[in-house]
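Notes follow once the structure below has been shown.
Since every read-out is calculated from the coordinates, none of them should be taken as a lab result. This one's a predicted model, so the numbers in the text were calculated from it and none came from an experiment. Here the Cβ positions follow ideal geometry from the backbone for every residue, glycine too, while neighbour counts run over all protein chains shown.
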Amino acid sequence: MYSLSFTHPAEVFPWSRDAAFSALPLQRIWLWGGATMARFADKPLPAERDTVAPDGSDVRILLGLQAGSMAHFQLAAGETSTAVTHRTIEEIWYILSGRGEMWRQQDGHHATVPLHAGVALTIPCGTQFQFRALGDEPLCAVAVTMPPWPGDGEAVAVSGPWTPTVRS
């Protein structure tokens, strides 16, 4: 026996109070004994950005579950993000279109990798990173954030190899 109910994400993810994410209803199925299970969901890519990330890229929020969330990021052609590090989350990125580069630094090790459609990469918690869009089209990626984005104060600006061109 189950019943369907709608729960605000902040009730399920108390650390997720960011205004952009607060508009996402989360469907839950209440199971025997009070346990819950997320109801499956789908959503098309929003036509307009929901917010601007601390690194300066445009964010279109997709979906989330208790253990993670997914968003689409876009950096305009010729732009360079602000270098940041995350306090508590880690991410997996998949590049959809455009060309660019990403610099990452962790525990004294640093690397810059080319970005183009089909490239996937990880950003473990505490990794410093910065990216830029090269060429004449935006750099677009989908990223999974684990746990879900907690809101203001998660990203901290750091020094990167390039001068940022975006407002963060």
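If we sort 133-142, 117-126 on the protection proxy, mean other Cβ atoms within 10 Å, highest first, what's the order?
With the highest mean Cβ count within 10 Å placed first, the list reads 133-142, 117-126.
Calculate one ³J(HN,Hα) per residue across the stretch 144-160 by plugging θ = phi - 60° into the Karplus curve 6.51 cos²θ - 1.76 cosθ + 1.60, and present them in order as whole Hz with x for glycine and proline.
Running phi through 6.51 cos²θ - 1.76 cosθ + 1.60 with θ = phi - 60° gives 9, 10, 10, x, x, 3, x, x, 3, x, 5, 9, 10, 5, 9, 7, x Hz.
Please grab the % of Cα pairs in the stretch 39-143 that end up more than 15 Å from each other.
Taking all Cα-Cα pairs of the stretch 39-143, the fraction more than 15 Å apart is 63 percent.
Quick check on the exposure proxy: order 69, 97 from fewest to most C-beta atoms within 10 angstrom.
In increasing order of surrounding Cβ atoms, one gets 97, 69.
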